[in-house]
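Working notes, structure below.
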């Protein structure tokens, strides 16, 4: 299995195979878990619990730009050429709305900018982001 950089929507059953391959390759991997919720609070809590942030975010501040910056620096601080993030209990990407759409935009921008040598001092970090819709997940309007 090839672990390519970028955002990929996969079936939940594929996540263990991705994680096995990542472990075999020795690539740092992180798992976001939002318990099938896609609201801002769930996303921020999941990121704070699972991903390297620099500086750490204060619990009372939920600002997307601050999260994006903190995550970008935190992943760069790993000094790893490749990082994998899996989100096994999300919603379908194609129907993203509200907070979930914003969360995906933050993650997409991070994937894109970390891969660009001009933003990373010539040492890009390639991020592979695997999103699997939770079984039976349906996005509520405005969620």
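Answer yes or no: is there a residue in segment 80-87 that is modelled with pLDDT of 95 or more, crowded, with 19+ Cβ neighbours inside 10 Å, under 13 Å from the mean Cα position of the chain (by Cα) and assigned to a helix (DSSP H, G or I).
no
Sort out which residues of segment 124-139 are surrounded by 12 or more Cβ atoms within 10 Å (Cβ to Cβ) and either within 27 Å of residue 36 (Cβ to Cβ) or modelled with pLDDT under 90 (or both), and write them in order of number.
Keep residues of segment 124-139 that are surrounded by 12 or more Cβ atoms within 10 Å (Cβ to Cβ), which gives 124-134, 137, 139.
Across segment 124-139, the qualifying residues are 127, 128, 129, 130, 131, 132, 133, 134, 137, 139.
Could you please find all residues in segment 38-71 being touching a residue at least 12 places away in the same chain (Cβ under 8 Å) and either under 20 Å from residue 120 (Cα atoms) or in contact with a strand residue (DSSP E or B) (Cβ under 9 Å, 6 or more places away or on another chain) (or both)?
38, 46, 50, 51, 52, 53, 54, 55, 67, 68, 70, 71
Could you list all residues from segment 1-38 that are surrounded by fewer than 16 Cβ atoms within 10 Å (Cβ to Cβ), in contact with a helix residue (DSSP H, G or I) (Cβ under 8 Å, 6 or more places away or on another chain) and more than 19 Å from residue 83 (Cα to Cα)?
Within segment 1-38, just 35 meets the criteria.
Residue 121 passes all but one of (1) surrounded by 13 or more Cβ atoms within 10 Å (Cβ to Cβ); (2) at pLDDT below 95; which number fails?
The one condition residue 121 does not meet is (1).
Condition (residue is buried (at least 16 other Cβ atoms within 10 Å of the Cβ), closer than 22 Å to residue 14 by Cβ and at pLDDT 90 or above) applied to segment 51-71: is it met by at least one residue?
yes
The values are calculated or read from the model by the stated rules, or taken from the named source; none is laboratory data. The structure presented is a predicted model; accordingly, all values stated were derived computationally and were not measured. Glycine gets a Cβ as well: all are built from the backbone with ideal geometry, and neighbour counts include every protein chain shown.
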